[in-house]
1. Does the stretch 1-8 contain at least one residue that is in contact (Cβ under 8 Å) with a residue 12 or more places away in the chain, out of contact with any strand residue (DSSP E or B) (no Cβ under 7 Å at 6 or more places or on another chain) and not assigned by TED's automatic domain parsing to the domain that holds residue 258?
2. Take the conditions surrounded by 20 or more Cβ atoms within 10 Å (Cβ to Cβ), in contact (Cβ under 8 Å) with a residue 12 or more places away in the chain and either more than 20 Å from the chain's Cα centre (by Cα) or closer than 17 Å to residue 191 by Cβ (or both) and apply them to residue 52. Does it pass?
3. What's the total number of residues in the stretch 207-236 that are buried (at least 21 other Cβ atoms within 10 Å of the Cβ) and assigned to a loop (DSSP other than H, G, I, E, B)?
4. Could you tell me which residue of the stretch 65-106 is modelled with the highest pLDDT, considering only residues that are within 18 Å of residue 191 (Cα to Cα) and assigned to a loop (DSSP other than H, G, I, E, B)?
5. Under 22 Å from residue 22 (Cβ atoms) and in a loop (DSSP other than H, G, I, E, B), is that true of residue 310?
6. Before we move on, is residue 242 in contact (Cβ under 8 Å) with a residue 24 or more places away in the chain, part of a loop (DSSP other than H, G, I, E, B) and more than 24 Å from the chain's Cα centre (by Cα)?
7. May I ask you to list the residues in the stretch 294-308 that are buried (at least 22 other Cβ atoms within 10 Å of the Cβ) and either closer than 18 Å to residue 351 by Cα or not assigned by TED's automatic domain parsing to the domain that holds residue 351 (or both)?
8. Can you find a residue that is under 30 Å from residue 138 (Cα atoms) and modelled with pLDDT under 90 anywhere in the stretch 238-252?
């Protein structure tokens, strides 16, 4: 069986970090999300993945250093300036997918699911489509399923209004599809699988659900991205061996690349991830944060609950508060304070305090 990974979106909710990289290459514990996904697929016996991408995303992926292991990789390209949506992207990859059942995975999810079990359930039901379903408190951000007898989906509603959801079972962005699905998608136009295809399949009794209650999250927003790193840090507590150069201290759980330097008087953690070649000065405090590769953090700075993009320079005495997102190659001058919720676009230089939540472009 082949897997189609949907990775053609523009990750607008993760800007400014997504200005420089597609969401599928965001590091999770310093390893690209795509690499985690391919490893999980391989463990389930899948040997070939097709990446449904736009040309810009494909360029980034091909020039990145992710490990594909033994997985065979092919690409299906969206037409320039013409996004196809989830259904259109699947139809566009029809020739590559062949005539067998296939798996579809949204490129922005992190999960511990065993894909082989979902495939087995799909084949046992002789379904046209099987959707993996997770339970959440607020389903209004997602597609929602109402299950009937024998896991058949009676109704599927995409992003219902608050209070109008038929259940708390949401579309987890993982599907097993039979070749029959292509009859429901018109070639060459934008098609939403969730709004146009799934509701029709539910009416025809050809749509089934698979309830999964293990680890699952999407990284569609900065807080989601921080949370999955935190969850994994907790799961690996006591198993991570951080090699620290420079005399700094760590408060577990923390994950640091072996190339980093943390000077005396600095404390890292809890819940911090530091990427390759990060250099931390003296008397720095970092917690609940993700620091991308190549960042320089000068003496006496404080970072709590932030995401710092690649090759950022943080001056002396800087204070960066919760939900701040700093784009690649930005410069934060000495003694600058950033209020909660500030985002800074790539390569922007900031030399004055930002005292309210806003995006600096």
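The values are calculated or read from the model by the stated rules, or taken from the named source; none is laboratory data. In this text the structure is predicted, and so the values were computed from the model without any measurement. Virtual Cβ from ideal backbone geometry, glycine too; neighbours counted across all protein chains shown.
1. No, the stretch 1-8 contains no residue that is in contact (Cβ under 8 Å) with a residue 12 or more places away in the chain, out of contact with any strand residue (DSSP E or B) (no Cβ under 7 Å at 6 or more places or on another chain) and not assigned by TED's automatic domain parsing to the domain that holds residue 258.
2. Considered against the rule, which asks whether it is surrounded by 20 or more Cβ atoms within 10 Å (Cβ to Cβ), in contact (Cβ under 8 Å) with a residue 12 or more places away in the chain and either more than 20 Å from the chain's Cα centre (by Cα) or closer than 17 Å to residue 191 by Cβ (or both), residue 52 comes out as yes.
3. Residues meeting the conditions: 1.
4. In this case the residue turns out to be 93.
5. Against the criterion (under 22 Å from residue 22 (Cβ atoms) and in a loop (DSSP other than H, G, I, E, B)), residue 310 qualifies.
6. No.
7. Within the stretch 294-308, 295, 297, 301, 303, 308 qualify.
8. no
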